[in-house]
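First up is the structure itself, then whatever we jot down about it.
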Amino acid sequence: MKSSAKYAFTFLIMAAGYLSGWFKIQETEAAFTKLPNPTGLPTGHGHSSSFSPDMNYLAVAHMNEPFVTIYKRSGDMFTKLANPSVLPAGNGFGAAFSPDGAYLAVAHDVSPYVTIYKHDGDKFAKLANPDVLPISVGRKVRFVTTAGGTTYMAVAHKRYPYITIYKRNGDTFTKLADPEVLPTGYGYGASFSPDGTYLAVAHATSRFLTIYKRSGDTFTKLPDPANLPTDCGLSTSFSPDGTYLAVSNASSPYVTIYERSGDTFTKLPDPDVLPTGYGYGTSFSPDGIYLVIAHDKAPFVTIYYRSGDTFTKLANPDILPTNVGCGPSFTPDGTYLAVGHDDYPFLTIYKVDPTHPTTIPSFPSASLSPNRLPAVAGRGWAVDAVFGEAWTE
């Protein structure tokens, strides 16, 4: 089911020798359609999900052994792989693939608190533990690779120093010196900006959010935003261009969204329609158009459409997660959205039908005809220049 139209635009097309005239492009919401459950489900509350960069694998960190469940995708089908020969030591709370897909890390609640796998085809082989481990329960883990090719891994965790940052050298992950200024409490969430310049940590205890700027291997705390989250920070996510930072938290408005300009993060007005409860996960789509908040009260997932600095709630998917939503993630092309949750089947996967263009389409003059422009590649748009209308196919 495709949602009703939301936006309309008018443009002038001019193509000498073919046609010129005004026509309107109408933009419609995307549809998030639940796929059939995967073959082989997680065995408990799905806390976090992560797709591999090639979109062929999906990892879900969850309660109960095996603590992480890994799927291989073929078309719209997700089939569980054999468990790694060495499992995480306890309940999985965070999962993340490295940007090159070579590593999968799982944060969990029993020492060593983070388990790192080398990924090769359908095989996931556990690496030796880092020499210095997180101090306590690992809640979230994130990777980033800089333009210079350096890979960092951050683990948000329960006890001081609340965030532990590693640098990769081959298959070895070496702990960096702690930032001089640390988060003020239990680290629940962490995210790097896509270029690796910034690291945001969502945590318990006021100020609830700590943002670092990286220079080499040093992470220096930035001044706090003028408007901080209202309660315990639970999750963070940067937009793909690094312009926006979303922080989910434990009291209304449940999500706080910042716009970044240089090193300054300025709070945007709250969305008109807020999530209904504690935000346990945030994720931007790879084009930055959608922001997903997974939370603890029905509908358990709230999806926003971004237009400029405005975030507008979309209609709920027809089929919702069955309970407390956690750890959403998109595939790198935005085709699939996974949401973990606290009730059978513990994982819900949606296919995204993006029925609007994210940029203004261009129409080469050679492609124009007296009556109709062909469908825009990759977006399924066509334009009837005679009647001044646009439609989705």
Q) With respect to the numbered conditions (1) without any contact (Cβ under 8 Å) to a residue 60 or more places away in the chain; (2) in a strand (DSSP E or B); (3) not β-branched (Val, Ile, Thr), which one is the sole condition not fulfilled by Phe78? A) (1)
Q) What number of residues in region 44-65 are assigned to a loop (DSSP other than H, G, I, E, B) and closer than 11 Å to His341 by Cβ? A) 2
Q.
For region 81-122, give me the residue count where each residue is touching a residue at least 60 places away in the same chain (Cβ under 8 Å) and of a type in the set (A, V, I, L, M, F, W, C).
A. 1
Q. Which condition number in (1) without any contact (Cβ under 8 Å) to a residue 40 or more places away in the chain; (2) surrounded by fewer than 19 Cβ atoms within 10 Å (Cβ to Cβ); (3) more than 29 Å from Asp54 (Cα to Cα) is the one that Asn316 fails?
A. (3)
Q) If you scan region 170-180, which residues turn out to be assigned to a loop (DSSP other than H, G, I, E, B) and of a type in the set (Lys, Arg)? A) none
Q) Taking into account only those residues within region 92-119 that are of a type in the set (Ser, Thr, Tyr) and not in a strand (DSSP E or B), which is nearest to Thr150 (Cα to Cα)? A) Ser98
Q) Between a first residue in region 159-170 that is under 13 Å from Arg142 (Cβ atoms) and assigned by TED's automatic domain parsing to the domain that holds Gly185 and a second residue that is of a type in the set (D, E, K, R) and in a strand (DSSP E or B), which pairs have beta carbons less than 7 Å apart while being 6 or more apart in sequence or on different chains? A) Thr164/Lys175; Tyr166/Lys175
Q) Of all the strands (runs of 3 or more DSSP E) wholly in region 313-377, which have at least 3 residues that are under 18 Å from the mean Cα position of the chain (by Cα), at pLDDT 95 or above and under 22 Å from Gly279 (Cα atoms)? A) 325-330, 336-341, 347-353
Q | Selected residue [part of a loop (DSSP other than H, G, I, E, B), farther than 13 Å from Pro183 by Cβ, at pLDDT 95 or above and out of contact with any Pro (no Cβ under 6 Å at 6 or more places or on another chain)] from Ala226, Ala246 | A | Ala226
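What do you reckon, is Tyr117 at pLDDT 95 or above and farther than 23 Å from Leu209 by Cα? Steps first, please.
Values: at pLDDT 95 or above: yes; farther than 23 Å from Leu209 by Cα: yes.
The answer is yes for Tyr117.
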Q.
Let me spell it out: the conditions are (1) surrounded by 24 or more Cβ atoms within 10 Å (Cβ to Cβ); (2) within 21 Å of the chain's Cα centre (by Cα), and Phe143 meets all of them except one. Which number is the exception?
A. (1)
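Quick grid of which residues meet (1) part of a strand (DSSP E or B); (2) under 17 Å from the mean Cα position of the chain (by Cα):
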position	(1), (2)
Ser252	no, no
Thr266	yes, no
Pro269	no, no
Gly281	yes, yes
Q.
Please go through (1) of a type in the set (Lys, Arg); (2) in a loop (DSSP other than H, G, I, E, B); (3) under 28 Å from Met55 (Cα atoms) for Lys297 and return the number of the only condition it doesn't satisfy.
A. (3)
Q: Kindly list, by first and then second residue, each pair from a residue in region 37-54 that is over 17 Å from Ala82 (Cβ atoms) to a residue that is part of a loop (DSSP other than H, G, I, E, B) and among the polar types (S, T, N, Q), limited to pairs with Cβ atoms under 7 Å and residues at least 6 apart or on different chains.
A: Gly44/Asn64; Phe51/Thr331
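The values are calculated or read from the model by the stated rules, or taken from the named source; none is laboratory data. Treat the numbers as computed from the prediction; the structure is a model and nothing was measured. Note that we place each Cβ from the backbone using ideal geometry, even for glycine, and neighbour counts take in every protein chain shown.
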